[in-house]
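The structure appears right after this line, and notes come after that.
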Amino acid sequence: MTTVITFGTFDLFHIGHLNILNRASELGQHLVVGVSSDKLNAHKKGRLPLYPQTDRMKIIQSLKCVDTVFLEESLALKTDYILRYSADILVMGSDWQGRFDHFSSLCQVIYFPRTPSVSTTAIVETIKGT
Ligand code: CTP
């Protein structure tokens, strides 16, 4: 069985999120998704996600292509998560190109091109501007 792991905030769930999760799931038989915690986002992006972590996790867990969801509480624990779930492949979007290459001693690292023209930040900016 090939296990695939990916990480993200997945706030204001949109088509770019669905596309990468579907593509990641097609690489194996088991897709594990680390949903980053509210606290981690506040630290990383300087603001809290609009949807709380429990809601973001529920949405991701409800997708047909997703098998396991966990809360990503620290960026420093990526190695632990990869080992804990025995991941064979790590998938990230191309905005992370090159930044996860050091995990290639643990698993295969694959970057998929981002879905063009959509992001949580852009959605928030559009709504704010109206
Ligand atoms: N992603 C993607 N295509 C998009 C947006 C996101 O493939 N148009 C991927 C990212 O590369 C990442 C995952 O979806 O692997 C989760 O991304 P996340 O940061 O939660 O979503 P964004 O919309 O990029 O959020 P933000 O604008 O806050 O950075």
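The values are calculated or read from the model by the stated rules, or taken from the named source; none is laboratory data. It should be emphasised that the depicted structure is a prediction, and the values quoted were computed from it without experimental measurement. With ideal geometry, Cβ positions are generated from the backbone for all residues, glycine too; neighbour counts draw on all protein chains shown. Note: areas computed on protein heavy atoms with side chains; ligands, DNA, RNA excluded. Shrake-Rupley method; radii C 1.70, N 1.55, O 1.52, S 1.80 Å.
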**OP:** Keeping all protein chains in position, work out how much accessible area Thr2 exposes to a 1.4 Å probe, and write it in Å² to the nearest 10.
**Re:** 40
Original post:
Averaged per residue, what accessible area in Å² does the chain show with a 1.4 Å probe, protein chains only?
Top reply: 55
Original post:
Net charge near Met57, counting Lys/Arg +1 and Asp/Glu -1 over other residues with Cβ under 13 Å of its Cβ?
Top reply: -3
Original post:
Stretched out fully, how many nm does the piece from Asn22 to Lys64 gain, at 0.36 nm a residue minus the Cα gap?
Top reply: 14.2 nm
Subject >> Exposure rank, largest accessible area first [Glu73, Glu26; 1.4 Å] >> reply: Glu26, Glu73
Original post:
How much net charge surrounds Gly8 when only other residues with a Cβ under 11 Å from its Cβ are counted (Lys, Arg +1; Asp, Glu -1)?
Top reply: -2
**OP:** Mind checking which lysines have their Cα closer than 20 Å to the Cα of Lys58? Skip sequence neighbours fewer than 8 apart in that chain.
**Re:** Lys39
Original post:
Distance from the Cα centre of region 1-26 to that of region 63-95, in angstrom?
Top reply: 10
Subject >> Contact order normalised by residue count of region 9-82, Cα under 8 Å, 6+ apart, percent >> reply: 38
